[in-house]
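First up is the structure itself, then whatever we jot down about it.
Readers should treat all values here as calculations from the given coordinates under stated rules, not as data from a laboratory. Not measured: the values here are computed from a predicted model. Don't worry about glycine lacking a Cβ; one is built from the backbone with ideal geometry, like all the others, and counts go over all protein chains shown.
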Amino acid sequence: MAKTKRLISVRAGRLGKILLYSQATAADDPKTRAEKTRRSSEARQRQNARTSREACEELMAANFDRGDLFVTFTYRDAPPTREAALRRFNAFLRLLRLARAARGERVLYIKCTEHIRDDGSEGRWHHHAVINATGHDYDEIRSLWAAWGDNVDFEGLLEAGESYESRARYMCKERPPVGKQCWTPSRGLRRPTRTSELVDDALTITPSSLPAGAVILEHSEDQNEWGTFVYYKYILPYREPRPDPKKKRGDGG
């Protein structure tokens, strides 16, 4: 059987994506070749022109889950510029790293800095961050942030109907300055795994092709006599991690 389809799979923690599409071959007639080329173009756009939001979503899913934190930091006296705000927030992160290091724990995060209100007007600089939970978080983070602000708002990362996608959209809603990115990750985060391979022309992808228990988040499909384009985005059920007496939460990333 000829291998004329490409199968692309992404896994990021419990989040997964799978894409199957037909590729044009030299043996195809002009009509078939044109249709397959169109599908290949659609697939490349989905994979290669990945947005900052999609990259943030995947990295978040690969490293954080229920029990981790979505935290908003506001200032007592707002800094005048983005750079000044980042200097202060990075100073806070250094203090948090020192406090956790004393317990043998790490700080894992994805952070963003914003100042645009929902109505589009300019507001005060503030920060959002996804931070790994360790069990010493609320009082410690409030205490360390007290040097710059009186208010820290804590939410569970995936509570109240929130998802990796909705959190990533929120963190990427403000356009950053030229040459800057919406969000910044800490070092040592796990990267999503990606595979891309040519497969037999007879291969098809259906919900039964997904891992057991997968919940479909997105699905698009276009199949006819000229070729195939199938895409699934899914998430696997959450399972409580088993306690590991040799390793504290956050240690080793």
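Just a few scattered comments:
- Among 69-75, 187-193, the order from most to least packed when residues are scored by Cβ within 10 Å on average: 69-75, 187-193
- On the principal axes of its alpha-carbon atoms, segment 156-221 has extents of 47, 32, 27 Å, going from largest to smallest.
- Inter-probe distance in nm under a simple model that places probes 7 Å from Cα toward Cβ, at D201 and L95: 6.6
- Look at where the Cα atoms of segment 179-232 and of segment 54-92 average out, and the two centres are 28 Å apart.
- Distance between the 7 Å Cα→Cβ label points at E221 and D119: 4.7 nm.
- For segment 61-185, the fraction of C-alpha pairs more than 17 angstrom apart is 57%.
- Couplings for segment 96-102, taken from phi via the Karplus curve 6.51 cos²θ - 1.76 cosθ + 1.60 with θ = phi - 60°, read 5, 4, 5, 5, 6, 4, 5 Hz in order; Gly and Pro are left as x.
- Over segment 119-208, equivalent-ellipsoid semi-axes from the Cα gyration tensor in Å: 36, 19, 15
- If R0 is 30 Å, the Cβ-Cβ spacing of L210 and R87 corresponds to a FRET efficiency of close to 0.10.
- Ascending count of other beta-carbon atoms within 10 Å, so fewest first, for M171, M60: M171, M60
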